[in-house]
Amino acid sequence: MEISTSGSTVTINGNIKSVGDFQTIKSTMDSVTANNSQITLVIADSISITSSVIGYFNKLILKDGIKIDMRIGNDDLISLLDDLNLTSVFNVGKN
């Protein structure tokens, strides 16, 4: 997995699957949300997302008041988030 930022946009390429991926996402999002209350998160091609990352995004939205607009490239991941009733919470759209 690779992660990059540009302003308030965070882009993730590759599969999100390990504890290390979670730590990388968390530290990147922490630095971006320090200066931004609205984030665009682009998950270009991951086919899955770990529960720890989902929980962290929920915490950002529900506790910290960060607005996340998630743009996802993989239809299966969109379906997964829809099955978990998270598409509206994460403002999921097709990338």
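Every helix of 4 or more DSSP H residues in the chain counts as -39500 (n - 2.57), and over all residues that averages to -12000 deg cm²/dmol at 222 nm. With K and R counted +1 and D and E -1, the other residues having a Cβ less than 12 Å from that of Ala44 yield a net charge of 0. Note on the chain: Lys pairs 8 or more places apart or on different chains, Cα atoms under 19 Å apart, count 6.
Taking the DSSP bridge list for segment 1-53 and keeping only pairs wholly inside it, about 55 percent are antiparallel. Using semi-axes √(5λ) of the Cα gyration tensor in Å as the read-out, say which of (i) 18, 15, 13; (ii) 21, 19, 13; (iii) 21, 15, 13 was calculated from these coordinates. Checking each listed value against the structure points to (i). Taking amide H as placed 1.01 Å from N in the peptide plane, the amide H of Ile16 sits under 5 Å from that of Ile47, Ser48, each at least 5 places away or on another chain. Leaving out ligands, DNA and RNA, and with a 1.4 Å probe, what % of the accessible surface on the chain is carbon or sulfur? On the chain, the fraction of accessible area on carbon and sulfur atoms equals 46 percent. Bridge orientation summary for the chain: considering DSSP beta bridges with both residues in this region, about 30 percent are antiparallel.
The values are calculated or read from the model by the stated rules, or taken from the named source; none is laboratory data. In this text, all values refer to a predicted model and were calculated from it rather than measured experimentally. Glycine also receives a Cβ, built like all others from the backbone with ideal geometry; neighbour counts cover every protein chain displayed. Accessible surface areas use protein heavy atoms only, side chains included; no ligands, DNA or RNA. Shrake-Rupley method; radii C 1.70, N 1.55, O 1.52, S 1.80 Å.
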